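Engineer: Once you've had a glance at the structure underneath, I'll fire off some questions.
Nothing in this text is a laboratory measurement; each read-out follows from the coordinates by a stated rule. All of these numbers come straight from a predicted model, not from anything done at the bench. Note that each Cβ is placed from the backbone with ideal geometry, even for glycine, and that neighbours are counted across all protein chains shown.
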Amino acid sequence: MAPLMVDRTHILVLNYNGRELLAQCLPSIVQAARLSPVPCRVSVVDNGSTDGSAEMVAELDPTIGLIRRPNRGLASFNDVLAGLDEPVVLLLNNDVKLAHDAVGPLLDAFKNHDDALFSAPQCWTFDGGVYEGMRTRVRFTRGLVQGMSRVPGVARVVDRPDLTAAAGPVLAVHRERFLEIGGYDPVFLPGRIEDLDLGFRGWMAGFRGYYVPESLAYHKGFASFGPEFGARGCDVLAVRNTLIFVWKNTAGRRLLAHLGWLPARLAYSLARGRTEFARGLLGAVARLGRVLAGRRALAVGREGWLERQEAFYRRFTWQPMREA
């Protein structure tokens, strides 16, 4: 693999009924594009908004492109990227602001690392008070996998470049490699965990994700999912998609541990009067056919899979002494 020559780029902002968010965030994105070290276009990928946000984009700044796509969540990016020609594309949710100099360091990751699938910035809440990521670590506990950025000790390493297991609401992707591994999997619609799924599949294909703290982004968080689904609805989605991730991507002792823990997790949640786990489980079972098809496509269980899987968890499982 050879380092990528990045001579132009494109920022895509995914939107569905986010008029107020776009008004808050797009000015910072346009400014970052103007200060990019290479030519940088900005486009909004609109998923059929009904709140006038798509029309507002042209009023806000006529240089911003508008790409209309059916509402497929992050998977909307897949066919959009297939129609572009920029070597690296930045993918943003509509609740993300960029620092004025955010673009250049993300592009540099592809020049400096010939195995880069994506690069991710240091991300904070809108007010800059709480670290959001994207130096993502994982843990596989009681049969489930969890991606984490806010781990104890992270303040000591937040400014250190490193590998990352996933990137959430903002990342730069090697366009051809993103498409090669299938992009975002629509089985996770409407969303949650699909960023970890992308990072894991990239790792298994021999690619890597890079955390670039020199680049700064700011994320509102749950600005779309919270109002749409509520706290408990978001929990149901998280359970469902975590189960999908494990069933699709996991083999060996980890899969056996997962299956062994499922009855206990279900019984414990119901005993506490909480139905989110049961509802998430039913939702995952309803998509089982698609999950198994994805599993077969990824060749889970074939030669070398277990070794690469365990290498992923060895590299990214949070360990307090090492992280501190």
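Engineer: What ranking do 61-73, 5-17 get when scored by the average of other Cβ atoms within 10 Å per residue, highest first?
Structural biologist: Highest-to-lowest ranking by the protection proxy: 5-17, 61-73.
Engineer: List the residues of segment 93-113 whose backbone N lies under 20 Å from a point placed 7 Å from the Cα of residue 180 along the Cα-to-Cβ direction.
Structural biologist: Flagged as within label range: 107-113.
Engineer: Which value, in debye to the nearest 20, describes the size of the charge dipole of the chain about its Cα centre when Lys and Arg Cβ atoms bear +1, Asp and Glu Cβ atoms bear -1, and nothing else is charged?
Structural biologist: Result for the chain is approximately 1620 debye, rounded to the nearest 20.
Engineer: Something else about it: Modelling each spin label as a point 7 Å along the Cα-to-Cβ direction, I'd like the residue 288/residue 23 distance in nm, to one decimal.
Structural biologist: Using points 7 Å along Cα→Cβ, the separation is 4.8 nm.
Engineer: Label points 7 Å out from Cα along the Cβ direction at residue 114 and residue 63: separation in nm?
Structural biologist: 3.6
Engineer: While we're on this one: State the Cα centre-to-centre distance between segment 127-172 and segment 279-305 in whole Å.
Structural biologist: Cα centroid to Cα centroid, the span is 25 Å.
Engineer: Can you give the local net charge around residue 96? Use residues other than it whose beta-carbon is closer than 15 angstrom to its beta-carbon, Lys and Arg +1, Asp and Glu -1.
Structural biologist: -3
Engineer: Decide, for segment 90-215, between rounded, prolate and oblate: order the square roots of the alpha carbon gyration tensor eigenvalues as a ≥ b ≥ c, take rounded if a/c falls under 1.5, and otherwise choose prolate if a/b is larger than b/c, else oblate.
Structural biologist: Here segment 90-215 falls in the rounded category.
Engineer: Can you list which of the DSSP-assigned H helices in the chain have a Cα extent of 24 Å or more along the long axis and an average Kyte-Doolittle score of at least -0.5?
Structural biologist: 225-249, 253-271
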